[in-house]
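Structure, as structure tokens:
The values are calculated or read from the model by the stated rules, or taken from the named source; none is laboratory data. In this text the structure is predicted, and so the values were computed from the model without any measurement. When we count neighbours, we look across all protein chains shown, and the Cβ atoms used for this are built from the backbone with ideal geometry, even at glycine.
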Number of protein chains: 2
Amino acid sequence: MADGYHHGNLRQALIDAGIRFINENGEDALSLRKVAAECDVSHAAPYAHFKDKDELLDAMKKSVTDKFTVELEDAVKDMESADEALIAMGRAYISFFSRNPDYLMFLFGKQNIAAHLQMNKENKDDYPPFLLLRKYYKKHLEENGIKLSAKEQEIEMIKTWAIVHGMASIACMKGVKTSFDWNDPDARLIT
Amino acid sequence: MADGYHHGNLRQALIDAGIRFINENGEDALSLRKVAAECDVSHAAPYAHFKDKDELLDAMKKSVTDKFTVELEDAVKDMESADEALIAMGRAYISFFSRNPDYLMFLFGKQNIAAHLQMNKENKDDYPPFLLLRKYYKKHLEENGIKLSAKEQEIEMIKTWAIVHGMASIACMKGVKTSFDWNDPDARLIT
DNA sequence: GATTAATCTTGACAGTGTAAAGTTTCCTGC
DNA sequence: GCAGGAAACTTTACACTGTCAAGATTAATC
């Protein structure tokens, strides 16, 4: 069912080829026509599945985000305490982008992560990794008997996310060389 | 001297027009030809001043980085203690990108900040904002009589930078809505 | 088996970055 | 003052891009 005029599953093939392509050549070099060619299909074929280039990029971002979320969930899954879970999550977060530095800017580059996820407007901050953080951060507060106001809670949580996301960002800055070893397990991330 | 065949100061005019353009239309919409047209000059004229589009973009980034650095230095200048200086610097950092969210991805988007700054290869991490942080962080350690190994020092400093840069990044994520007020002076940034 | 919808191809168009060759102006030494 | 060369700019050209419209092919439905 993959031969002949109809491709079979072109939509997914385009997404996969696109992700493979930016891994090898970077986002800038990606063009609709090359992705189409990679799938042995004419340059206008993608328009049967995506409104425009951005819609393909959004689908690719969603696919990468899914992989990212799975890694975070895996890291957290066998941890006994919420504290351990948070640390494991932070390490997985940084590790993911250290291994795939191009993904950081691919995912957050346009900064409208709401666009490629279909976030419902009532609950705007349901970015999956953020949801996971929120869940374990709450658990962490409970387990340690820490009482904070809703506002303080949000601030502390964002600070936790910020340090992790900031480290991932710095780790991905090719121009800045630090003596920091991003995979050093001795470097504590969460205070 | 700005009329006729020779423009006078086309190089700077292109940089300024380019920055103005991405402020209004975003980086994606920027093209060499439009910037050239904005300066009333033919589409190939920029090649007398820049090797290619990337070189113009690098010059624009350098210009934005300079403005950014000035703001950081201004924020720090009248502070008495290094602790105050660090906090002021962090707020100025976040404030700058909160006011100009497009700049964050413009500066760090390609992640090769070494490219648009002429960093000498011996001292790779002399990114101006980073140099400023290093200076005041050292002062902070001295003033408070804190003794750390070189490695610990680096780790703590990166953590400080990470939380500030991470907050700036999150503040710029249009898709993620937090209840965090990025200009709230009560939100302490440095521990 | 005819109709219809989905998928894909072909051809076209304006916009892009960039290179080559030609034109205009400025600058320097005499 | 003026030749000659360097710098700045224009014109022309080309390959590549995203996107649209029209047509061809296949799959799905009744």
Positions within region A:37-80 being among the hydroxyl-bearing types (Ser, Thr, Tyr), farther than 17 Å from residue A:23 by Cα and assigned to a helix (DSSP H, G or I), in sequence order = A:47, A:69
Would you confirm whether any residue within region A:60-79 is over 17 Å from the mean Cα position of the chain (by Cα), surrounded by 15 or more Cβ atoms within 10 Å (Cβ to Cβ) and in the same structural domain as residue A:137 (by TED's automatic domain parsing)?
-> yes
Please work out if residue B:28 is loosely packed, with under 13 Cβ neighbours inside 10 Å and either of a type in the set (Val, Ile, Thr) or under 15 Å from the mean Cα position of the chain (by Cα) (or both).
-> no
Inside region A:33-68, can you point out the residues that are among the basic types (Lys, Arg) and more than 8 Å from DNA strand D (Cβ to nearest atom)?
-> A:61, A:62, A:67
Enumeration of residues in region A:45-91 that are more than 14 Å from chain B (Cβ to nearest Cβ), among the basic types (Lys, Arg) and away from DNA strand C (no atom under 16 Å from the Cβ) = A:67, A:77
Residue by residue through region B:142-160, note down the ones that are in contact (Cβ under 8 Å) with a residue 40 or more places away in the chain and in a helix (DSSP H, G or I).
-> B:142, B:143, B:160
